[in-house]
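Visitor: Here it is, the structure in full.
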Amino acid sequence: MSKPLSEASPGARVEAAFRGEAVEEDVPRPALANLSRRQQRVLASLLDGFESRRDVLQWMQDVVIATVGALDGEWFVTRATDASIMSALLGEGWGTARALEDGTPEEVRRGIAAQDILPAVHQAQRKFRWSASEYYDDPDHDPSDLTDDPDAPGMRPALKVLDEQLSWALDQLLEGFESDEAFLAWGERAIQMSYAEVDSEAVEDAFFETEVRRRMTDRTDARARFVRESWAAEYLLPGFNRAAARVASHTSEVPEQEQTRMEVPSG
């Protein structure tokens, strides 16, 4: 006999909350349905909690793309460095904060979902709803089938590319670098990949700050990992967040082959 939902584990309740959601039927445009899938994933991950700070940062990467840059850049810094919030996200004591009482981490995560993520989802949907265009090769093909591709957020190839580039840049930073030269080479690529929204001064300052520079190339020390994680929250994620907002607002996708284009009038 299954337990009542109110007595189930947090993970089971999260799974049940999102089970059977047919976003294709709820959203009038396939591109928005596709984006909604990503947004549901972000919410489900948040409500379920995380195993490590690295997991939180990788989730924030998902947030960047799912909300197409709707959150303020400072949000990433405050959420990834506040000890009490991190304790709630991890479900255990972190930094100077002790473990929270039973039920409190889940309540804090629900509060972040309601206060931070849902408004960002709302803003992203409003920003994206008339600028999104759907393309497909076969005029007789049902465009809703394209919502099955989770790697093309909002059916926008430019967002898919940005997502892959951010994933690469974040993983490289969190792993650390083999040498100072490798860090500089990574910095150049991060600037280029973010459409110059990652500031060169941030890389320059890290390079000439002896202690930070040493932490960038130390792959074994826990303190070095902490510094790189904090740098990612303060500089890398906000930069790519700004890039996502610009891509969503200004990039016009041009198909490689002659394709049918579906547009909704802005009036």
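A short reminder: the numbers here are calculations on the coordinates, not readings from a lab. The structure presented is a predicted model; accordingly, all values stated were derived computationally and were not measured. Every residue, glycine as well, gets a Cβ built from its backbone with ideal geometry; the counts of neighbours run over all protein chains shown.
Visitor: With +1 on each Lys and Arg Cβ and -1 on each Asp and Glu Cβ, and nothing else charged, work out how big the dipole of region 54-129 is about its Cα centre, in Debye to the nearest 20. Don't skip to the answer; put the middle values down first.
Guide: Working: 8 positive and 11 negative charges, 85 e Å.
About 400 debye.
Visitor: A further question follows. For the residue pair ASP218 and ARG189, what label-to-label distance in nm results when each label sits 7 Å from Cα along the Cα-to-beta-carbon direction?
Guide: 2.4 nm
Visitor: Ok, one more. Ranked highest first by the average count of other Cβ atoms within 10 Å around their residues, in what order do 230-243, 50-63, 100-113 fall? Show your work: numbers first, answer last.
Guide: Values: 230-243: 23.1, 50-63: 18.8, 100-113: 14.9.
By packing density, highest mean first, the sequence is 230-243, 50-63, 100-113.
Visitor: May I pose another question? Under 5 Å between amide hydrogens, which residues at least 5 positions from TRP94 or on another chain qualify, with H placed 1.01 Å from N in the peptide plane?
Guide: Here the answer is SER87, since their amide H atoms fall under 5 Å of that of TRP94.
Visitor: Which FRET efficiency value, to the nearest 0.05, is calculated for LEU118 and ASP55 with the Förster distance at 22 angstrom and r the Cβ-Cβ distance? Walk me through the numbers before you get to the answer.
Guide: Details: r = 21 Å, r/R0 = 0.97.
That pair, LEU118 with ASP55, gives E of 0.55.
Visitor: Could you order the peptides 217-229, 37-49 from most to least packed, using the average number of other C-beta atoms within 10 Å per residue?
Guide: 37-49, 217-229
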